[in-house]
């Protein structure tokens, strides 16, 4: 297996760590067999990629063999944000390469310098990635990966921009919507939730991001609202 080095010099704040602990606990109580979760948002800049990364780190720190799949094939921020470099110096092979038949999954999953944490990056960009998620190869790939990892997180594009997340979500155990505080209204979030429900996705709940941003790092405090108790509080 190839390896990748990512910048982890800046540790999350105490508030972030505790919020991720709460999120992991809530997901664990969302039903049996929830081990493959998609993360999406209503619009750009809600912080879904930050949530995805911190979830990966939290699950890995808990001793679970965790994989982060970067499925935002149109606008990935992973490599740039985390200074990701492949240790063997060769070009990235990633998700787009696997789904387009130009790469093998064994060459596209990377062991990171975070114990128990693995990454399947974007790889080489494609002009129209949507059909790649509709094919049988994508669901077959996920079936293989579910056998190899304890928990899998898929960072998907925003629902308000492209349809990719709605195609990916039904292949997952559940989906979480990340919402930036005061950035979208209730109707937009409700529309996103209903779109996911229409395609048969299991909406686990919502993460409210950028709450008290001025006092914390990594985009602020986080709140998690599940479908249990008060339904979908935004």
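Remarks
- Test: residue 128 is free of Cβ contacts under 8 Å to residues at least 12 places away in the same chain and within 23 Å of residue 40 (Cβ to Cβ): yes
- For segment 94-122, the set of residues classified as surrounded by 21 or more Cβ atoms within 10 Å (Cβ to Cβ), in contact with a strand residue (DSSP E or B) (Cβ under 9 Å, 6 or more places away or on another chain) and closer than 24 Å to residue 57 by Cα consists of 94, 95, 108, 109, 110, 112, 117, 118, 119, 120, 121, 122, listed by residue number.
- Note on segment 99-120: among residues that are in contact with a helix residue (DSSP H, G or I) (Cβ under 6 Å, 6 or more places away or on another chain) and in contact (Cβ under 8 Å) with a residue 24 or more places away in the chain, the one that is farthest from residue 86 (Cα to Cα) is 99.
- Among helices (runs of 4 or more DSSP H) entirely within segment 121-199, having at least 1 residues that are farther than 20 Å from residue 102 by Cα and within 14 Å of the chain's Cα centre (by Cα) singles out 164-168.
- The set of residues in segment 72-89 that are over 15 Å from residue 51 (Cα atoms) and at pLDDT 85 or above comprises 73, 86, 87, 88.
- The residues listed here are 17, 30, 13; of these, the one that is within 16 Å of residue 172 (Cβ to Cβ) and surrounded by fewer than 23 Cβ atoms within 10 Å (Cβ to Cβ) is 30.
- Residues in segment 131-167 that are touching a residue at least 40 places away in the same chain (Cβ under 8 Å), over 18 Å from residue 66 (Cβ atoms) and crowded, with 19+ Cβ neighbours inside 10 Å: 132, 133, 157, 158, 159, 164, 165.
- Complete set of residues in segment 28-39 that are at pLDDT below 95 and within 18 Å of residue 193 (Cα to Cα): 30
The values are calculated or read from the model by the stated rules, or taken from the named source; none is laboratory data. Small disclaimer: the values here were computed from a predicted structure and weren't measured. A quick note on method: Cβ atoms are made from the backbone with ideal geometry, for glycine too, and the neighbour counts reach across all protein chains shown.
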